[in-house]
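I have placed the structure first, in the form of structure tokens, so that the comments after it can refer back to it.
The values are calculated or read from the model by the stated rules, or taken from the named source; none is laboratory data. Everything numeric in this text was worked out from a predicted model, so none of it was measured. Heads up, the Cβs are rebuilt from the backbone with ideal geometry, glycines too, and the neighbour counts pull from every protein chain shown. Accessible surface is based on the protein model in full, side chains and every heavy atom, while ligands, DNA and RNA are left aside. Shrake-Rupley method; radii C 1.70, N 1.55, O 1.52, S 1.80 Å.
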Amino acid sequence: MSENPQNPERPEQEPARGPEKPEMPGTPEASEASESPGTAKTPETPKTPVEPVPPATPRVAEPGVVPSASEVPAAAAPSGDEPSGRRRLASALWPPRVTRAQLVVALLLFVLGLGLAIQVSSTSENSALRGARQEDLVRILDELDDRTQRLEDEKARLEKQRTELESSSDQAEEARKQTQEKERQLGILAGSVAAEGPGITLTVGDPTGAVESDMLLDAIQELRAAGAEAIQVNGVRVVADSYFTGSGDDMRIDGTKVAAPYVFKVIGKPEDLEPALNIPGGVVQTLEKEQATATVERSAKIVVDALRPAKRPDYAQSSSQ
């Protein structure tokens, strides 16, 4: 039966609805449909408004204090391709801020480095014995021990002479004998007296003429340091005031011309003289570097018969009365 549309008191008939669609649980439509018409809805809790954060007040940097990365405002960040970290690093490094403690530490480090450099430089200098073999070093030590022993023997001999002079009944005769012995020894050293004894013969060949006068002088010095008592080179007696000049074909000793091969006749202890010439960097190796030859031969008897005239001093006089 249809309702009368002209009667306002009767409600109009609701139009027919189609089949309702299934609603998924949990959706707003489902929840609203499940509520009964007479049920009041729970009012929503009003949200608290978020107060705006006031802008940070820029911190005034104290003089001489570099602000940290967190204190730099974002507005100070440079614009462009250059990153802000590089700008902050540059501002931290320049201008440099050096304190007194840093200056003191830098000065101490400089002095320490300078001392280490000097020490390294002094220890790294070339030495003739740096590359020596163990047996060479042992031989050199033996030579030093022999020199010490010779000095001790000379000291004992002089003390014995003094004792004889003090205890002798005829002191005048004893003094005369010792004076003659001393004159003979001084004559050997001065080259005015011939001498003989054990020693060595050093022969230096110079086929290329490369031997200089200073090389021969070095050989003389090495022999004297090893205990040589009398030296003769090619018939010329070598004494304390001898000198070498020239080179090659014009080699001279005390003004006397000598030619290769140079033959050194040396009186002394052969066990000390030969090793002194053969030490690493010594006379023999130096001559061999100059394409010269050096041969050393020991002998039980060496005769040094070249003499030098005795010179009377012009100004020096004996101080003994």
(message) Take ALA260 and tell me if it is free of Cβ contacts under 8 Å to residues at least 60 places away in the same chain, surrounded by 13 or more Cβ atoms within 10 Å (Cβ to Cβ), touching a strand residue (DSSP E or B) at 6+ places or on another chain (Cβ under 7 Å) and farther than 23 Å from ASP142 by Cα.
(response) yes
(request) Give the residue that is most open to solvent (accessible area, probe 1.4 Å), with candidates limited to residues of the stretch 206-218 that are in contact (Cβ under 8 Å) with a residue 40 or more places away in the chain and out of contact with any strand residue (DSSP E or B) (no Cβ under 7 Å at 6 or more places or on another chain). (result) PRO207
(request) Run LEU151 past the list (1) of a type in the set (A, V, I, L, M, F, W, C); (2) modelled with pLDDT under 70; (3) closer than 30 Å to GLN185 by Cα and report the number of the one that doesn't hold. (result) (2)
(request) Would you be able to say whether some residue in the stretch 278-288 is within 25 Å of ALA194 (Cβ to Cβ) and either surrounded by 18 or more Cβ atoms within 10 Å (Cβ to Cβ) or small (Gly, Ala, Ser) (or both)? (result) no
(request) Sort out which residues of the stretch 181-200 are open to solvent by 100 Å² or more (accessible area, probe 1.4 Å) and either free of Cβ contacts under 8 Å to residues at least 40 places away in the same chain or in contact with a strand residue (DSSP E or B) (Cβ under 7 Å, 6 or more places away or on another chain) (or both), and write them in order of number. (result) GLU183, ARG184, GLU196
(request) Just name the residue that is nearest to ASP218 (Cα to Cα) out of those in the stretch 231-252 that are in contact with a Leu (Cβ under 8 Å, 6 or more places away or on another chain) and assigned to a strand (DSSP E or B). (result) PHE244
(message) Here are the criteria: (1) open to solvent by 80 Å² or more (accessible area, probe 1.4 Å); (2) at pLDDT 90 or above. Tell me which single one ASP145 does not satisfy.
(response) (2)
(request) Confirm whether THR203 is within 41 Å of the chain's Cα centre (by Cα), surrounded by fewer than 16 Cβ atoms within 10 Å (Cβ to Cβ) and part of a strand (DSSP E or B). (result) yes
(request) Would you check if ALA175 is open to solvent by less than 80 Å² (accessible area, probe 1.4 Å) and within 30 Å of GLU290 (Cα to Cα)? (result) no
(request) Have a look at ALA300, ALA230, ALA306 and point out the one that is in contact (Cβ under 8 Å) with a residue 40 or more places away in the chain and under 22 Å from THR148 (Cα atoms). (result) ALA230
